[in-house]
Amino acid sequence: MSVRIVPVGNDVLLEVEDDGVGFDPSAVALGSGVHGMRERAAVLGGDLEIDRASLGGTRNRFLLRLLPAPSA
């Protein structure tokens, strides 16, 4: 398992990756826990992404925007 916290421009990325059996998020109905995590990420102004890890398990990425995105 690896946990990384890295600055990305004016934002912060938290990434948790494991080497378990993983799953295909596009082929599985995600439960209320994942939906709840995405809602909490959005309330904080961030995004949560769940996908396959490079090690074969699961990768959770939370990008927290510290400054508002520039308006278009």
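By other beta-carbon atoms within 10 Å, ranking 1, 37 with the fewest at the front produces 1, 37. Extending 7 Å from the Cα toward the beta-carbon at both residue 3 and residue 44 defines two label points whose distance is 1.2 nm.
Across segment 1-20, the residues whose backbone nitrogen lies under 17 Å from the label position 7 Å along the beta-carbon direction of residue 54 are 1-8, 13-20. Computed extension length for residue 66-residue 11: 19.3 nm, one decimal, from 0.36 nm per residue of separation with the Cα-Cα distance subtracted. The calculated 222 nm mean residue ellipticity attributable to helices in the chain amounts to -5000 deg cm²/dmol, summing -39500 (n - 2.57) over DSSP H runs of n ≥ 4 and dividing by all residues.
Throughout, read-outs are computed from the coordinates displayed, never taken from laboratory work. The model shown is predicted, which means the values in this text are computed figures rather than measured ones. Glycine also receives a Cβ, built like all others from the backbone with ideal geometry; neighbour counts cover every protein chain displayed.
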